[in-house]
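J.: I'd like to ask some things about the structure below.
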Amino acid sequence: MTYRIFGSELSPYSVKVRSYFRFKDLPHDWIPRSPAVQAEFQKYAKLPLVPLVVTPDGEGIQDSTPIIERFEAAQPSLVPEDPALAFLSALLEEYGDEWGNKWMFHYRWRYQADVWSTAERIARQMMEGQGALAVAQARAAVAERMTGRIGFVGSNPTTEPTIEGSFKHALALIEAHLQTRPYMLGGRPAMADFGLWGQFYELATDPTPGAIMRGAAPKVMAWVQRMLTPKNEGPFEAWPALAPTLMPLLKEEVAGLFLPWSTANAAAIAAGQKSFEMTLGGASWVQEPQKYHARSLAEIRRKYATPKGVPGLDAILTESGCLKFLS
Ligand SMILES: N[C@@H](CCC(=O)N[C@@H](CS)C(=O)NCC(=O)O)C(=O)O
């Protein structure tokens, strides 16, 4: 009854799923994706993406959010009983997965120290067991290919200040929020933790953003460590206790940047545009649209349709400014 997780230490969605399996105490083997396991990977994967979970009866599952959702029926569950909190948790997971990934990808492939450090680690995984020359050659190839792809997540000279500003601002807001609690929604981990954490874990291991985090955010760093093996340490808190430090994150980041960006991105895809431009957080933003994000925006809107109207939720979403993007 052992699951196999094909993943990479360098992939935020892979480490997210691994931490989740640890939290659920699901027996699993962690298999770093490399040429040695490529045939096995291809046997089960529909998309050339990690993570891939292979179940004990040989079914392949991809995409970290549905992977996690699939195992949620078994205890311990990540989902708070309060449906309003459960939705906010899913929304923060989505913000981490889709917007937090811009911070991660931008810092990783923008600055030379980060490019080299990441390319080296990827090359070692790819060239496992081969000599230094093979690793050095793979490192150069990875660095060249990935720096050329930095624009895929919307990072370019126009958007750089917004991406870096958002990272530092979110870091400060989450640092304040984690002063008095071990996890985003209180004493136990939630979807929100897993989505945000995958990105922050990668950021913490890269030189430039890692230095910023170590200098400015000790509580976030302790949470990054804690989330490697997350545990129930107490109950979820109720919204009134979370609100003073969580509302600013919903307002300034989720409603201020992520949701307007995601809505414009989806509109650009629907219109078949090659690129889109907008004013985001008071600055200009321009990029080629990203296909996957339109699907995940539709999915979060679908998730909103169920708790819509539960006591308290619409008031929170209205006050934060999120509501107009969700229906
Ligand atoms: N939405 C997917 C995203 C998966 C994804 O983008 N994976 C990246 C790594 S982070 C990937 O596999 N890229 C191609 C590769 O590494 O070969 C999820 O949540 O699992």
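The values are calculated or read from the model by the stated rules, or taken from the named source; none is laboratory data. In this text the structure is predicted, and so the values were computed from the model without any measurement. Positions of Cβ are backbone-derived with ideal geometry, glycine not excepted, and every protein chain shown enters the neighbour counts. For the accessible areas, the whole protein counts, side chains as well, though only heavy atoms, and no ligand, DNA or RNA atoms are used. Shrake-Rupley method; radii C 1.70, N 1.55, O 1.52, S 1.80 Å.
J.: Going by the conditions given, is residue 29 without any contact (Cβ under 8 Å) to a residue 60 or more places away in the chain, away from the ligand (no atom under 14 Å from the Cβ) and touching a Ser or Thr at 6+ places or on another chain (Cβ under 7 Å)? Don't jump to the end; show me each part of the working.
T.: Details: without any contact (Cβ under 8 Å) to a residue 60 or more places away in the chain: yes; away from the ligand (no atom under 14 Å from the Cβ): yes; touching a Ser or Thr at 6+ places or on another chain (Cβ under 7 Å): yes.
Criteria met by residue 29.
J.: Right, here's the next one. Report, by residue number, each residue of the range 179-236 that is open to solvent by less than 40 Å² (accessible area, probe 1.4 Å), touching a strand residue (DSSP E or B) at 6+ places or on another chain (Cβ under 6 Å) and not aliphatic (A, V, I, L, M).
T.: Hits for the range 179-236 are 186, 189, 193.
J.: Same structure again: Every residue in the range 68-102 that is touching an Asp or Glu at 6+ places or on another chain (Cβ under 9 Å), buried (at least 24 other Cβ atoms within 10 Å of the Cβ) and within 30 Å of residue 151 (Cβ to Cβ), please.
T.: 92, 93, 94, 95, 96, 99
J.: Here is a further query. One residue is enough: does the range 280-292 have a residue meeting the conditions charged (D, E, K, R) and at pLDDT below 95?
T.: Within the range 280-292 (the criterion being charged (D, E, K, R) and at pLDDT below 95), the answer is yes, since at least one residue qualifies.
J.: Hey, can you tell me all the residues within the range 10-20 that are more than 11 Å from the ligand (Cβ to nearest atom) and in contact (Cβ under 8 Å) with a residue 40 or more places away in the chain?
T.: Here is the first cut: in the range 10-20, the ones more than 11 Å from the ligand (Cβ to nearest atom) are 18-20.
If the condition is that a residue be more than 11 Å from the ligand (Cβ to nearest atom) and in contact (Cβ under 8 Å) with a residue 40 or more places away in the chain, then 19, 20 are the ones that fit.
J.: Further question on the same structure: When the range 45-63 is examined, which residues are found to be out of contact with any Asp or Glu (no Cβ under 9 Å at 6 or more places or on another chain), within 13 Å of the ligand (Cβ to nearest atom) and open to solvent by 40 Å² or more (accessible area, probe 1.4 Å)?
T.: In the first step, residues of the range 45-63 are kept if they are out of contact with any Asp or Glu (no Cβ under 9 Å at 6 or more places or on another chain); the result is 45-46, 48, 50, 52, 55-63.
Still in the list and also within 13 Å of the ligand (Cβ to nearest atom): 45-46, 48, 50, 52, 60-63.
Correct list: 46, 48, 63.
J.: Scan (1) within 28 Å of residue 204 (Cα to Cα); (2) within 15 Å of the ligand (Cβ to nearest atom) for the single condition residue 4 breaks and write down its number.
T.: In the conditions (1) within 28 Å of residue 204 (Cα to Cα); (2) within 15 Å of the ligand (Cβ to nearest atom), residue 4 misses (2) alone.
J.: Here's another thing I want to ask about it. Restricting attention to the range 1-35, report how many residues are more than 24 Å from residue 123 (Cα to Cα), open to solvent by 60 Å² or more (accessible area, probe 1.4 Å) and not β-branched (Val, Ile, Thr). Working first, answer last.
T.: First pass over the range 1-35, keeping only residues more than 24 Å from residue 123 (Cα to Cα): 1-3, 20-28.
Keeping just the survivors that are open to solvent by 60 Å² or more (accessible area, probe 1.4 Å) gives 1-2, 22, 25, 27.
Restricting the remaining residues to those that are not β-branched (Val, Ile, Thr) gives 1, 22, 25, 27.
Number satisfying all stated conditions: 4.
J.: Further, regarding this structure: Can you tell me which condition residue 110 does not meet? The list is (1) buried (at least 19 other Cβ atoms within 10 Å of the Cβ); (2) within 22 Å of residue 217 (Cβ to Cβ), and all the others hold.
T.: (1)
J.: Also: Within the bounds of the range 239-253, is there any residue that is surrounded by 20 or more Cβ atoms within 10 Å (Cβ to Cβ), polar (S, T, N, Q) and in contact (Cβ under 8 Å) with a residue 60 or more places away in the chain?
T.: Looking for residues that are surrounded by 20 or more Cβ atoms within 10 Å (Cβ to Cβ), polar (S, T, N, Q) and in contact (Cβ under 8 Å) with a residue 60 or more places away in the chain, one finds none in the range 239-253, hence no.
J.: Going by the structure shown, is residue 143 more than 20 Å from the chain's Cα centre (by Cα), open to solvent by less than 20 Å² (accessible area, probe 1.4 Å) and at pLDDT 95 or above? Walk me through how you get there before you give the answer.
T.: Values: more than 20 Å from the chain's Cα centre (by Cα): yes; open to solvent by less than 20 Å² (accessible area, probe 1.4 Å): yes; at pLDDT 95 or above: yes.
Considered against the rule, which asks whether it is more than 20 Å from the chain's Cα centre (by Cα), open to solvent by less than 20 Å² (accessible area, probe 1.4 Å) and at pLDDT 95 or above, residue 143 comes out as yes.
J.: Name every residue in the range 277-316 that is part of a loop (DSSP other than H, G, I, E, B) and either away from the ligand (no atom under 14 Å from the Cβ) or in the same structural domain as residue 47 (by TED's automatic domain parsing) (or both), in order of residue number. So that I can check it myself, show each step before the final result.
T.: Within the range 277-316, the subset part of a loop (DSSP other than H, G, I, E, B) is 281-282, 288-290, 306-312.
Result: 281, 282, 288, 289, 306, 307, 308, 309, 310, 311, 312.
J.: Going residue by residue through the range 93-114, is there one that turns out to be more than 13 Å from the ligand (Cβ to nearest atom), closer than 22 Å to residue 23 by Cα and in contact with a helix residue (DSSP H, G or I) (Cβ under 9 Å, 6 or more places away or on another chain)?
T.: Yes, the range 93-114 has at least one match.
J.: All but one of (1) at pLDDT 95 or above; (2) open to solvent by 10 Å² or more (accessible area, probe 1.4 Å); (3) under 19 Å from residue 50 (Cα atoms) hold for residue 119; state the number of the condition that does not hold.
T.: (2)
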